[in-house]
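Worksheet: the structure to be examined is printed underneath.
The values are calculated or read from the model by the stated rules, or taken from the named source; none is laboratory data. The model shown is predicted, which means the values in this text are computed figures rather than measured ones. Using ideal geometry, Cβ is built from the backbone for each residue, glycine included, and neighbour counts are taken over all protein chains shown. With ligands, DNA and RNA removed, areas are computed over all heavy atoms of the protein, side chains included. Shrake-Rupley method; radii C 1.70, N 1.55, O 1.52, S 1.80 Å.
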Amino acid sequence: MKGLHSGLVSPEGNWWEPVGKQEKTWVTISFIWCMLLFAMMPLWHFKGGQNPSSGVRSKVDAQAFRERHQRFVKDYQVMVDGQPLMDGKDKNIPVVAPPPGSEVYIQASMWTWSPVLRLQKGATYSVHLSSVDLNHGFSLYPLNLNLQVVPGYDYNLKMTPNQTGEFRIICNEFCGIGHHMMVGKVEVVE
Amino acid sequence: MTSRTCPILGLKIERHAEWLVRVNAVTAIVFFLVGVIAALLLVLTRWQAVHYLTAPWYYRVLTAHGLNMLIFFIIFFEMAVLYFAGPIMLNCRVPAPGVGWASFGLMLLGALMVNYYVWAGKADVLFTSYVPMKAHPGYYLGIILFAVGALVVTGLFFAALVVARREKTYKGSVPLVTFGAFTAAVIAVITLLHGAIIYIPTFLWSLGLMDMDAEMYRMVWWGLGHSSQQINVAAHVACWYLLAGLTVGGVVLNEKVSRTAYVLYVLFISMASAHHLLVDPGLSAPWKIWNTSYAMYLAVLASMIHGFTVPGGIEAGMRLRGFNQGLFQWLTRAPWFDPGFSALWLSLVIFGFGGGITGVVIGTEQINIIAHNTLRIPGHFHMTVVAGTALCFMGVTYYVIPLIFRRRVALWPLARVQPFLFGAGISLMAIGMTYAGGFGVPRRHWDISFTNAAFSIEFPPIVDLFMALVGIGGILAAVGGLSYVAVAVLSLLGRPLSDSELKEGGPGIPQGISSLPPQSYSVEETEAAHSRGCPGTMVLVFIFLAAFVVYYFANWKLLALIWKVG
């Protein structure tokens, strides 16, 4: 055994010495904890309900996504007295009520989330998220459900609302000077 | 080249090394001052009751804050650490000092260019500059110049290791502190190469010469953005060992364990880029899980090891010096008003309990869904890089002033409490951010009252309380930060000290300088130390583990409450 010294001293000779009991205990427990931390993630893919990496992950160009979004709006737009229902003050965002199980296209652009969605509680939707300009951040309030929206990529995830009410989509990725005004809406009904 | 012998540490200090440490450290502190003024403006804006800056200026100042703190302050300081841990600690000369000065000039030029374009409003792209958001080409060029300069300095550090070995300026292996700085330098090379891979194409893209893919940018950029934080971790852990030795005679419990932990950093830490992309499209679950966990959390294991060996080394060192009563006399009798020690201890505790635990938790693939881009993220990293790295570097500064600048630490009564001010302020602010983020309050957001938005949102009143905490904690931290700058600048304006004055001590000379604790012990003393062990540290690390486990599973529980996604 050699003498203890501080981290400023050059250790001479062979310092590859046996590890003390307390250190060994702590390293072992830490290692087991790290393995548990690691195991939780694959486990949640099988047992848990929230996984951000499932679904189709494909590239999509802005124009193609914009057209797909327009078709989605046209197909399921909510009509009142023969007129399409709009919401969002002067932003005039169409309100869309897709049937359960349908493909839903949410388009992010500076500085609008389109459309306003009317979903049913307990129904599952296949949601596609993309941006037609910059990065945006999809943050469903007050659930605090956050996803990154990247231009050129279709982020497709299945979503199942488990409660009714009015929700908001906050943009939480900086997207220029109007970033703070970029708020969307999702309604969930029985 | 002339050199002198340090009267405290007995090291041969060459003039070039001394001046390179001085100039890099002073430059770091100047950029810190810019960053801290920016920080004050930012908290006074995010605190919605004050809401001081306009939207364009908020984002501009936010860009400047990130760059000046995370890049310019920290990396200039790390350059000083490299010169200290290399040539000075190894008693050798600076190989090619001219290159050292040239790369300093290059880094300074880059930093000034970046600041010019940011403050002129030509680069309102925030720290991350995600494409296709575009800044002036000069902004990217400035970052490239800075990075090239830093890369050359790491090369000089490696060259110093070779020169020291060849010229036999030390015996045995390099000290642990130098080894830690070495791993930081290796990680710096990995990081800066990522920087080159992303900023050079981005620079060309900004000139209209090529296309960029938004997701590819994010992936490679974070190879720079996160790995640079890993340089900081490796560097500040090295500084923990340095300060532990200088302030209380903290020992290295086992060289093998501490060095192996450093090697784990080098091997796995650059995979962390992934934890910024956990809720991104285009990436598979296996890729995210493997990379976000740094290969099964082996780099986290490394931090947990240092989290034992640093306090354990302090405990063993204090016990060797006779503070042997009970579990915690080594802590209660520690020199709490030596700012070198208090900065070390607060950095260790806040980094571990605050930054470390929150980081692993929000960096879990699925839990990231309830954290990504909310205020939980800056809450986390202000406890790692600010309370961890910056606070530790402040503690180092209080020793560098007498050792390298040969000056008294000015405003000594203020300096003695400065780490507490700064540590408390950052902690309050980060706690406020973390809880506000838990309610979905976004980061990087000028107005969470959402004026003129298409739909209104009102956060619950408790969020106002947390945002007030962000404001008050931020102001306190800014006062702590400005105190640090004032102390440092006034110290340098003081008169140089002679060797005997340094040894004499008195106000402005930390106790570790005037009475340096023993740095090595005999075999008999060592045997006694090993049989005593570190019972106090064992208690502390198990409290840490319990906090970790509770916070981790509480977050899974919160996640399970939201909609099914996936």
> Based on the Cα atoms of segment A:60-121, what semi-axes does the equivalent ellipsoid have, where each is the square root of 5 times one gyration tensor eigenvalue, given in whole Å with the largest first?
Replying inline: 18, 15, 11
> lysines near A:Lys24 by alpha-carbon distance under 24 Å, same-chain residues fewer than 8 away left out - which ones?
Replying inline: A:Lys2, B:Lys256
>> Just want the answer: with Cβ charges of +1 for Lys and Arg and -1 for Asp and Glu, which residue in B:Gly566, B:Trp287, B:Gly35 is farthest toward the dipole's positive end in the protein assembly as shown?
In response: B:Gly35
> Considering the dipole of the protein assembly as shown built from charges on the beta carbon (Lys and Arg +1, Asp and Glu -1) around the Cα centre, which of B:Trp336, B:Met296, B:Ile369 is farthest to its positive end?
Replying inline: B:Trp336
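Any idea what % of Cα-Cα pairs in segment A:26-138 are farther than 17 Å? If you can, show how the numbers build up before the last one.
Details: 4195 of 6328 pairs.
Looking at segment A:26-138, the distances longer than 17 Å represent 66 percent of pairs.
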> Any idea what the alpha-carbon Rg over 2.2 N^0.38 Å comes to for segment A:26-89?
Replying inline: 2.13
> Taking the Cα-to-Cβ direction at A:Asp61 and at B:Arg166 and moving 7 Å from each Cα, how far apart do the two end points lie in nm?
Replying inline: 5.6 nm
> Across the residues of A:178-187, average count of Cβ atoms on other protein chains within 10 Å?
Replying inline: 5
> Total accessible area buried between chains A and B, 1.4 Å probe, in Å² to the nearest 100?
Replying inline: 9300 Å²
> How many nm separate the modelled label positions at A:Asp81 and B:Met210, each set 7 Å beyond the Cα in the direction of the Cβ?
Replying inline: 5.8 nm
> Evaluated at 25 °C with a viscosity of 0.890 mPa s, what Stokes-Einstein diffusion coefficient in µm²/s does chain A have when Rh comes from the Kirkwood expression over alpha-carbon pairs?
Replying inline: 123 µm²/s
> What FRET efficiency do you get for B:Ile462 and A:Thr25 if R0 is 45 Å and r is their Cβ-Cβ distance, rounded to the nearest 0.05?
Replying inline: 0.65
> Which whole-Hz ³J(HN,Hα) couplings does segment B:438-453 yield from phi under the Karplus relation 6.51 cos²θ - 1.76 cosθ + 1.60, θ = phi - 60°, glycine and proline marked x?
Replying inline: x, 8, x, 5, x, 7, 6, 9, 6, 9, 7, 9, 6, 4, 6, 6
> To the nearest 0.05, what FRET efficiency results for B:Trp287 and B:Glu527 with a Förster distance of 35 Å applied to their C-beta separation?
Replying inline: 0.10
> Which whole number of Å³ per residue matches the convex hull of the alpha-carbon atoms in segment B:1-60?
Replying inline: 101 Å³
>> Leaving out ligands, DNA and RNA, and with a 1.4 Å probe, what % of the accessible surface on chain B is carbon or sulfur?
In response: 70 percent
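Give me the percent of accessible area attributable to carbon and sulfur for segment A:139-182, probe 1.4 angstrom.
Answer for segment A:139-182 is 54 percent, counting heavy atoms of protein chains only.
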> Roughly how crowded by other chains is peptide B:167-179, in terms of the mean Cβ count from those chains within 10 Å of each of its Cβ atoms?
Replying inline: 4
>> Using Stokes-Einstein with the Kirkwood hydrodynamic radius over Cα pairs, what translational diffusion coefficient do you get for segment B:40-175 at 37 °C and a viscosity of 0.692 mPa s, in µm²/s rounded to a whole number?
In response: 195 µm²/s
> Using alpha-carbon positions, what is the distance between the centroids of segment A:1-61 and segment B:363-440, in Å?
Replying inline: 24 Å
>> Could you report segment A:84-190's accessible area per residue, 1.4 Å probe, as an integer in Å²?
In response: 29 Å²
> For chain B, with only Lys/Arg (+1) and Asp/Glu (-1) charged at the beta-carbon, what is the dipole magnitude about the Cα centre, in debye rounded to 20?
Replying inline: 740 debye
> For segment B:480-552, what ratio Rg/Rh do Cα atoms give with a Kirkwood hydrodynamic radius?
Replying inline: 1.20
>> Residue by residue through segment B:95-102, what is 3J(HN,Hα) from phi via Karplus (6.51 cos²θ - 1.76 cosθ + 1.60, θ = phi - 60°)? Round to whole Hz and write x for glycine and proline.
In response: x, 6, x, x, 5, x, 5, 5
> Just from the alpha-carbon atoms, what are the Rg and Dmax of chain B in angstroms?
Replying inline: 23.1, 75
> What residues qualify as long-range amide H neighbours of B:Ala96, i.e. H under 5 Å apart, gap of 5 or more or another chain, H built at 1.01 Å from N?
Replying inline: none
>> Within 10 Å of each Cβ in A:28-37, how many Cβ atoms from other chains are there, averaged over the peptide?
In response: 6
> What nm value, rounded to one decimal, do you get for the distance between B:Ala546 and B:Leu561 when each label is placed 7 Å out toward the C-beta?
Replying inline: 2.4 nm
> Residues of chain B: accessible area per residue at 1.4 Å, in Å²?
Replying inline: 32 Å²
> What does the highest-first list of B:386-399, B:255-268 look like by mean Cβ count within 10 Å?
Replying inline: B:386-399, B:255-268
> Taking the highest mean first, how do the peptides B:551-562, B:231-242 order by number of other beta carbon atoms within 10 angstrom per residue?
Replying inline: B:231-242, B:551-562
> Stretched out fully, how many nm does the piece from B:Phe553 to B:Trp57 gain, at 0.36 nm a residue minus the Cα gap?
Replying inline: 174.6 nm
> For segment B:429-456, list residues with backbone N below 17 Å from a point placed 7 Å from the Cα of B:Gln48 toward its Cβ?
Replying inline: B:432-456
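Of the peptides B:33-39, B:440-446, B:203-209, how do they stack up when ordered by the mean number of other Cβ atoms within 10 Å, highest first?
B:440-446, B:33-39, B:203-209
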> Along its principal axes, what span do the Cα atoms of the protein assembly as shown show, with the longest given first and each in whole Å?
Replying inline: 93, 52, 45
>> Please list 3J(HN,Hα) in residue order for segment B:57-62, calculated via the Karplus relation 6.51 cos²θ - 1.76 cosθ + 1.60 where θ = phi - 60°; whole Hz, with x for glycine and proline.
In response: 6, 4, 5, 5, 5, 5
